[in-house]
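Down below is the structure, laid out as C-alpha coordinates.
The values are calculated or read from the model by the stated rules, or taken from the named source; none is laboratory data. The shown structure was predicted, so the numbers you read here are calculated from the model rather than taken from an experiment. Backbone-built Cβ (ideal geometry, glycine too); neighbour counts: all protein chains shown. For accessibility, only protein heavy atoms count, side chains too; no ligands or nucleic acids. Shrake-Rupley method; radii C 1.70, N 1.55, O 1.52, S 1.80 Å.
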Amino acid sequence: MRKGLQMILLIAAGVAAGAYLHECQSPKPLHPPEAQGYPVIDTIPYYDTIPYYLPAAKQEVSLGTEITFLPVFIPRDSLRAVAEAPAQEQNPDSVAVEIPITQREYEGAEYHAWVSGYEPSLDSIFVFPRHDVVTIREPQRVEDRKPKRWGIGVFAGYGVTPQGLQPCAGISINYNLWNF
(Lines give C-alpha, C1' and ligand atoms only; values in the text may rest on other atoms or scores of the structure.)
Protein backbone atom coordinates (compact mmCIF):
# COMPACT_ATOMS: atom_id res chain seq x y z
CA MET A 1 0.00 0.00 0.00
CA ARG A 2 2.83 2.31 0.83
CA LYS A 3 4.39 1.89 -2.66
CA GLY A 4 1.04 2.61 -4.31
CA LEU A 5 0.63 5.85 -2.31
CA GLN A 6 4.16 6.93 -3.22
CA MET A 7 3.41 6.25 -6.88
CA ILE A 8 0.18 8.26 -6.78
CA LEU A 9 1.94 11.19 -5.07
CA LEU A 10 4.77 11.00 -7.59
CA ILE A 11 2.31 11.00 -10.51
CA ALA A 12 0.38 13.94 -9.00
CA ALA A 13 3.62 15.88 -8.48
CA GLY A 14 4.65 15.13 -12.08
CA VAL A 15 1.31 16.29 -13.46
CA ALA A 16 1.49 19.49 -11.38
CA ALA A 17 5.08 20.17 -12.50
CA GLY A 18 4.15 19.50 -16.12
CA ALA A 19 1.20 21.89 -15.94
CA TYR A 20 3.40 24.57 -14.37
CA LEU A 21 6.17 24.14 -16.95
CA HIS A 22 3.63 24.12 -19.78
CA GLU A 23 2.22 27.45 -18.50
CA CYS A 24 5.74 28.93 -18.41
CA GLN A 25 6.31 27.97 -22.05
CA SER A 26 2.90 29.14 -23.28
CA PRO A 27 3.20 32.35 -25.31
CA LYS A 28 1.81 35.40 -23.58
CA PRO A 29 -0.40 37.82 -25.52
CA LEU A 30 1.60 40.65 -27.11
CA HIS A 31 -0.95 43.29 -26.18
CA PRO A 32 -3.68 43.79 -23.62
CA PRO A 33 -6.91 41.94 -24.41
CA GLU A 34 -8.67 45.14 -25.50
CA ALA A 35 -6.04 45.65 -28.22
CA GLN A 36 -6.10 42.08 -29.54
CA GLY A 37 -6.77 41.96 -33.25
CA TYR A 38 -6.11 45.67 -33.89
CA PRO A 39 -3.01 46.94 -35.69
CA VAL A 40 -0.29 48.60 -33.65
CA ILE A 41 0.73 52.07 -34.88
CA ASP A 42 4.14 53.47 -33.91
CA THR A 43 4.97 57.10 -34.84
CA ILE A 44 8.56 58.37 -34.55
CA PRO A 45 9.21 62.03 -35.45
CA TYR A 46 12.63 63.15 -36.68
CA TYR A 47 14.00 66.38 -38.12
CA ASP A 48 16.27 66.77 -41.12
CA THR A 49 18.74 69.63 -41.47
CA ILE A 50 18.77 70.91 -45.04
CA PRO A 51 21.35 73.65 -45.70
CA TYR A 52 21.00 76.00 -48.69
CA TYR A 53 24.17 78.03 -49.32
CA LEU A 54 24.00 81.16 -51.48
CA PRO A 55 20.50 80.66 -52.82
CA ALA A 56 19.44 82.68 -55.89
CA ALA A 57 16.78 85.38 -55.52
CA LYS A 58 13.45 84.63 -57.14
CA GLN A 59 12.37 88.27 -57.47
CA GLU A 60 13.29 91.73 -56.23
CA VAL A 61 10.85 94.52 -55.31
CA SER A 62 11.74 98.16 -54.66
CA LEU A 63 10.38 99.42 -51.33
CA GLY A 64 11.38 103.07 -51.92
CA THR A 65 14.35 105.03 -50.66
CA GLU A 66 15.70 106.23 -47.36
CA ILE A 67 17.69 109.42 -46.84
CA THR A 68 20.69 108.94 -44.58
CA PHE A 69 23.50 111.26 -43.56
CA LEU A 70 26.92 109.75 -44.18
CA PRO A 71 30.29 111.21 -43.14
CA VAL A 72 32.36 112.87 -45.85
CA PHE A 73 35.91 111.71 -46.32
CA ILE A 74 38.31 114.50 -47.22
CA PRO A 75 41.83 113.44 -48.19
CA ARG A 76 44.74 115.37 -46.51
CA ASP A 77 45.91 116.79 -49.81
CA SER A 78 42.63 118.54 -50.38
CA LEU A 79 42.41 120.06 -46.87
CA ARG A 80 44.40 123.08 -48.06
CA ALA A 81 42.01 123.53 -50.99
CA VAL A 82 38.99 123.30 -48.67
CA ALA A 83 40.47 125.89 -46.31
CA GLU A 84 41.09 128.34 -49.20
CA ALA A 85 37.59 127.87 -50.69
CA PRO A 86 34.82 130.38 -49.89
CA ALA A 87 32.69 129.48 -46.81
CA GLN A 88 29.57 128.61 -48.78
CA GLU A 89 31.44 126.10 -50.96
CA GLN A 90 33.02 124.23 -48.05
CA ASN A 91 32.00 120.59 -47.63
CA PRO A 92 30.18 119.84 -44.39
CA ASP A 93 31.32 116.87 -42.30
CA SER A 94 28.30 114.81 -43.44
CA VAL A 95 26.15 114.67 -46.53
CA ALA A 96 22.61 113.46 -47.21
CA VAL A 97 22.52 110.31 -49.35
CA GLU A 98 19.44 108.64 -50.83
CA ILE A 99 19.71 104.86 -50.36
CA PRO A 100 17.37 102.50 -52.26
CA ILE A 101 15.64 99.89 -50.09
CA THR A 102 14.67 96.63 -51.78
CA GLN A 103 13.13 93.35 -50.78
CA ARG A 104 14.35 90.08 -52.28
CA GLU A 105 12.37 86.88 -52.19
CA TYR A 106 14.09 83.51 -52.03
CA GLU A 107 12.17 80.32 -52.60
CA GLY A 108 13.08 76.65 -52.81
CA ALA A 109 11.40 73.29 -52.41
CA GLU A 110 11.66 73.40 -48.60
CA TYR A 111 11.87 77.12 -47.78
CA HIS A 112 10.49 80.59 -48.56
CA ALA A 113 12.37 83.65 -47.27
CA TRP A 114 12.30 87.45 -47.72
CA VAL A 115 15.22 89.79 -47.03
CA SER A 116 14.89 93.59 -47.04
CA GLY A 117 17.41 96.43 -46.90
CA TYR A 118 20.12 98.03 -48.97
CA GLU A 119 21.42 95.45 -51.47
CA PRO A 120 20.03 92.53 -49.43
CA SER A 121 21.30 89.01 -49.96
CA LEU A 122 20.63 85.74 -48.23
CA ASP A 123 23.92 84.09 -47.36
CA SER A 124 22.49 80.79 -46.17
CA ILE A 125 19.37 79.30 -44.68
CA PHE A 126 18.90 76.10 -42.73
CA VAL A 127 15.53 74.37 -42.83
CA PHE A 128 14.43 71.76 -40.29
CA PRO A 129 11.43 69.93 -41.75
CA ARG A 130 9.68 67.42 -39.51
CA HIS A 131 9.18 63.90 -40.79
CA ASP A 132 7.03 61.28 -39.12
CA VAL A 133 7.87 57.62 -39.60
CA VAL A 134 4.65 55.69 -39.10
CA THR A 135 4.89 51.93 -38.75
CA ILE A 136 1.70 49.87 -38.76
CA ARG A 137 2.14 46.32 -37.53
CA GLU A 138 -0.42 43.58 -37.31
CA PRO A 139 -0.10 41.89 -33.92
CA GLN A 140 0.85 38.25 -34.11
CA ARG A 141 -2.03 36.16 -32.88
CA VAL A 142 -1.37 33.29 -30.52
CA GLU A 143 -3.08 30.78 -32.80
CA ASP A 144 -0.87 31.85 -35.74
CA ARG A 145 2.37 31.03 -33.95
CA LYS A 146 4.27 27.92 -34.88
CA PRO A 147 3.98 25.41 -32.03
CA LYS A 148 7.13 24.35 -30.23
CA ARG A 149 7.99 20.75 -31.03
CA TRP A 150 10.80 19.95 -28.59
CA GLY A 151 10.42 20.07 -24.84
CA ILE A 152 11.25 18.63 -21.49
CA GLY A 153 8.46 16.85 -19.70
CA VAL A 154 7.45 14.60 -16.88
CA PHE A 155 6.14 11.18 -17.74
CA ALA A 156 4.34 8.41 -15.94
CA GLY A 157 3.61 4.99 -17.35
CA TYR A 158 4.98 1.50 -17.68
CA GLY A 159 8.60 0.82 -18.34
CA VAL A 160 10.97 -2.12 -18.68
CA THR A 161 13.08 -2.53 -15.53
CA PRO A 162 15.41 -5.32 -14.33
CA GLN A 163 12.43 -6.76 -12.42
CA GLY A 164 10.31 -6.77 -15.60
CA LEU A 165 7.47 -4.52 -16.79
CA GLN A 166 6.59 -2.11 -13.95
CA PRO A 167 4.98 1.29 -13.45
CA CYS A 168 7.52 4.12 -13.55
CA ALA A 169 7.74 7.92 -13.61
CA GLY A 170 10.50 10.29 -14.65
CA ILE A 171 11.67 13.26 -16.64
CA SER A 172 12.08 13.02 -20.41
CA ILE A 173 13.17 15.02 -23.43
CA ASN A 174 10.35 14.68 -25.94
CA TYR A 175 9.24 15.68 -29.42
CA ASN A 176 5.58 16.69 -29.70
CA LEU A 177 3.74 15.25 -32.68
CA TRP A 178 0.42 16.95 -31.81
CA ASN A 179 -0.42 19.86 -29.53
CA PHE A 180 -3.80 20.06 -27.88
* Using 0.36 nm per residue of separation minus the Cα-Cα distance, give me the extension gain between Arg130 and Asp48 in nm, one decimal. => 28.8 nm
* Give me the number: length gained by fully extending Gln166 to Lys148, i.e. 0.36 nm times residue separation minus the C-alpha to C-alpha distance, one decimal in nm. => 3.4 nm
* Asked: Taking the Cβ-Cβ separation of Glu110 and Tyr38 as r and a Förster radius of 41 Å, what is the calculated FRET efficiency to the nearest 0.05?
  -> 0.70
* Structure fact -> To the nearest 0.05, the calculated FRET efficiency linking Glu119 and Ala96 through their beta-carbon distance, R0 being 25 Å, is 0.85
* Asked: Can you pull the accessible area of Glu98 for me, 1.4 Å probe, Å² to the nearest 10?
  -> 120
* Structure fact -> For Pro100, the net charge from surrounding residues (Cβ-Cβ under 14 Å; K, R +1; D, E -1) works out to -3
